[in-house]
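Worksheet for the structure shown next.
Read-outs: derived from the displayed coordinates by stated rules, not from any lab. Quick caveat: nothing in here was measured; it's all calculated off a predicted structure. All Cβ positions, glycine included, derive from the backbone under ideal geometry; neighbour counts span all protein chains shown.
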């Protein structure tokens, strides 16, 4: 420890999952049963309308039939489930956010008149409470969804396709075909701070990353070895 710098870091948090399976588990196959969902064993066939890509407490939902299965129709169905706290998709240049828990809509995009603690600027429109944001003199303060705007934006622009993302409230997890469950335990992958915040222990240096986000670690770690 006298000769080296050590970093011990968690890769994700863990949000609790309730012990009553019927309430804890959000089965997207049931929620979206009116559409033809791709079967994993068969792979994508011409008659399939949507594909579910589930990652524990969040999921990507793809449509391959925008004419008959527009994203806002999928969002409208998912909004009926109060266990889903964030639903988001690209709407032109903006990102639209809805919630199963709260009424209203929220739209945002980069490069605007509002700034967050990370120096990122955003254009905002609608009810910011859907992402638990606090606005004060053009400053954005994040609540239970740390760095929510950048994380949602990067998720939706991480690859091409027509899809939306959903994130579950703590106490719940999402399943599709073949998904593992953690009833009475914990899961991760969602936007909530329980999934997001992790411990970090550092020894051998008094320096810190510019911001306490995973995306800020690389530059800081390189500075330690230069």
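Nearest 500 deg cm²/dmol is fine: what mean residue ellipticity at 222 nm does the chain get from its DSSP H runs of n ≥ 4 alone, each adding -39,500 (n - 2.57), divided by its residue count? It would help to have the intermediate numbers written out before the result.
Numbers: 6 runs with 38 residues, N = 226.
Taking each H run of at least 4 residues, the total per residue is -4000 deg cm²/dmol.
Sort 206-219, 177-190, 54-67 by packing, meaning the average of other beta carbons within 10 Å per residue, with the highest value first.
Peptide ranking by packing, descending: 54-67, 177-190, 206-219.
Using r as the Cβ-Cβ distance of residue 220 and residue 101, and R0 as 35 Å, what FRET efficiency do you calculate, to the nearest 0.05? Don't skip to the answer; put the middle values down first.
On the way: r = 36 Å, r/R0 = 1.02.
The formula returns an efficiency of 0.45 here.
How much length is gained if the chain between residue 198 and residue 20 is pulled fully straight, taking 0.36 nm per residue apart and subtracting their Cα-Cα distance, in nm to one decimal?
61.4 nm
So how do 192, 159 line up by other beta-carbon neighbours within 10 Å, fewest first?
In increasing order of surrounding Cβ atoms, one gets 159, 192.
How much length is gained on full extension from residue 29 to residue 68, taking 0.36 nm per residue of separation minus their Cα-Cα distance?
12.3 nm
Quick check: the distance between the Cα centres of the stretch 11-51 and the stretch 123-147, to the nearest angstrom?
Taking the Cα centre of the stretch 123-147 as reference, the centre of the stretch 11-51 is 29 Å away.
Would the stretch 1-132 count as rounded, prolate or oblate if I go by the C-alpha gyration tensor, calling it rounded below 1.5 in a/c and otherwise prolate when a/b exceeds b/c, oblate otherwise? Let's see the in-between values first.
On the way: a/c = 1.76, a/b = 1.26, b/c = 1.39.
Oblate, since a/c reaches 1.5 and b/c is not below a/b.
What order, most packed first, do the peptides 161-172, 24-35, 3-14 have when packing is the mean number of other Cβ atoms within 10 Å of each residue? Walk me through the numbers before you get to the answer.
Details: 161-172: 21.3, 24-35: 17.0, 3-14: 11.2.
Per-residue mean Cβ counts within 10 Å order the peptides as 161-172, 24-35, 3-14.
Order these by the 10 Å Cβ neighbour count, fewest first: 36, 76, 83, 41.
41, 76, 36, 83
Calculate the radius of gyration of the Cα atoms of the chain to one decimal place, then report Dmax, the largest Cα-Cα distance, as a whole number, both in Å.
Computed over the Cα atoms of the chain, radius of gyration and Dmax are 19.3, 64 Å.
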